[in-house]
Amino acid sequence: MSLRDEACVVTGACGFLGQRLIKLLLEEEILAEIRLVDKCVQPQLVQTLEDCRGHTQLRVFEGDVRDSAFLRRACRGASIVFHVASLIDVTGALDYSELYGVNVKGTQLLLEACILENVVSFIYTSSIEVAGPNPNGDPIVGGNEDTVYNSSLKFPYSKTKKEAERSTLEANGELLQNGGRLATCALRPMYIYGEGCRFLLGHMVNGIRNNNVLYRTSPREAHVNPVYVGNVALAHLQAARGLGDPQRRNVIGGNFYYISDDTPPVSYSDFNHVVMSPLGLGIQEKLMLPFPLLYLICFLLEVLSMLLRPFKRIAPPLNRQILTMLSTPFSFTYHKAKRDLGYAPKYSWEEARRHTVAWLASRLPEERERAKK
């Protein structure tokens, strides 16, 4: 079903995925309006989008997702909300209260705004990290939405994303002010890569500093299945189309979907090497240290940071949660998204890799300068 002449809201509009989603909406749909919601929207982004917007009106809403009045203004008159915005913190650099305020409370306030302003469709960008891996490092290979798994989440980011996802799915079917019903769903992408991925840039800089050799932080056998940003954006569009279809709305509403593509399963470290080897970067053959020793070091660093917290906040670059994530086979299929949403990857692995490598190559001179500092 087309979204023609609809008005939609994209939170986190300036982020890695948010920008890609807006561009796809402009390419694939003839929308009446797209509202760019973020704390600060750069004029350069708006100008770039203006060049391909056609008849779609672009409106900027700068504000905080913890501000209910702001959210109501952004949602007024819209029919679809893509809630992409979130704080991502994998090292513990942020206070839990801040993570909770943005990721959980912000989502709940946005859902309330949708109900008050009669928004009929809500798509939440969740994360693979709401599934795990758990602290035991129990693997999943080719899992799906029905896979039983004791996640036992301890990582603050994972916990807040999980709670926000739960709030989203529980809001499905809520009565709107005009008597209609809100339909919601959540998408759980794997690790997202592609043009604009700051994590890839960080790994590249570290590799350059290490004499053009990438660090091996995950064993070869710890296969995961990263997903290309263009395909994640497409899954969001397909979810919105599905929620807008009266025949599919009740099937999709209240459900979550894993989003992957045809990127070959590989460890996180080996994936970095696949996209950076054309740029002349090698990779360490073995882990920097044996896993038990790395785990012990992470534990000691966490204890030290906790003891110092009353005086200074220190976030170790590696902790036990990240180490477990890097070392656990954890992959999922997209079969349910294909069945319910009509999702199929738009970009093949070859295309996704080519685009990613070209982008990294364009950033290489700048990142080499950055690595010298």
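Summary of values
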| item | result |
| --- | --- |
| 12 Å tail of the calculated P(r), the range 120-176, as % of Cα pairs | 69 |
| Mean ellipticity per residue at 222 nm, deg cm²/dmol - from DSSP H runs of n ≥ 4 across the chain, formula -39500 (n - 2.57) | -13000 deg cm²/dmol |
| Most fluctuating residue given options V303, V141, V119, as computed from a GNM of the chain linking Cα atoms under 10 Å | V303 |
| Coil-residue chymotrypsin sites (Phe, Trp or Tyr not before Pro) of the range 186-253, DSSP, other Cβ within 10 Å capped at 16 | Y215 |
| Separation between Cα centres of the range 254-305 and the range 137-195, rounded to whole Å | 23 |
| Rg in Å to one decimal, and Dmax rounded to a whole Å, for the range 225-373 via C-alpha atoms | 20.3, 57 |
| Mean shadow area of the range 15-64 over all directions, Cα convex hull, nm² | 3.2 |
| Rg and Dmax [Cα atoms of the range 111-265; Å; Rg one decimal, Dmax integer] | 18.2, 63 |
| Largest-first ellipsoid semi-axes for the range 183-268, taking √(5λ) over the Cα gyration tensor eigenvalues, angstrom | 35, 13, 9 |
| Dipole magnitude of the range 162-281, debye to nearest 20 (Cβ charges: Lys/Arg +1, Asp/Glu -1, about Cα centre) | 100 |
| Reciprocal of mean inverse Cα separation for the range 1-134 (Kirkwood radius, Å) | 15.3 |
| Cα-based Rg of the chain normalised by 2.2 N^0.38 Å, two decimals | 0.99 |
| Per DSSP, loop trypsin sites (Lys or Arg not before Pro) in the range 223-302 with at most 11 further Cβ within 10 Å | K286 |
| Two-decimal Rg/Rh across the range 229-313, once Rg and the Kirkwood Rh are taken from alpha-carbon atoms | 1.21 |
| Compactness of the range 79-143, expressed as Rg and Dmax over alpha-carbon positions, Å | 15.1, 44 |
| Percentage relative contact order, the range 175-274, counting C-alpha pairs under 8 Å, at least six apart | 43 |
| Other-chain or far-sequence residues with amide H under 5 Å of V60's (modelled H) | L36 |
| Extension gain (nm, one decimal) between L176 and Q47, 0.36 nm per residue minus Cα-Cα | 42.9 nm |
| GNM flexibility winner over the chain from R188, R209, R353 (Cα, springs under 10 Å) | R209 |
| Label-zone membership for the range 171-200, site N250, 7 angstrom Cα→C-beta point, backbone N under 20 Å | 171-176, 179-186 |
| Alpha-carbon centroids, the range 311-373 and the range 18-84: separation in whole Å | 25 |
| Cross-link partners of K346 among lysines (Cα-Cα below 25 Å; sequence separation of 8 or more within a chain) | K23, K336, K338 |
| Gaussian network model of the chain, springs between alpha carbon atoms under 10 Å - residue of L24, L296, L116 with greatest fluctuation | L296 |
| Percentage relative contact order, the chain, counting C-alpha pairs under 8 Å, at least six apart | 19 |
| Rounded to the nearest 20 debye, dipole of the range 76-151 from Cβ charges on Lys, Arg, Asp, Glu | 240 |
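Throughout, read-outs are computed from the coordinates displayed, never taken from laboratory work. Since we're looking at a predicted model, the values are computed, not measured. Here the Cβ is made from the backbone with ideal geometry for all residues, glycine too, and neighbour counts use every protein chain on show.
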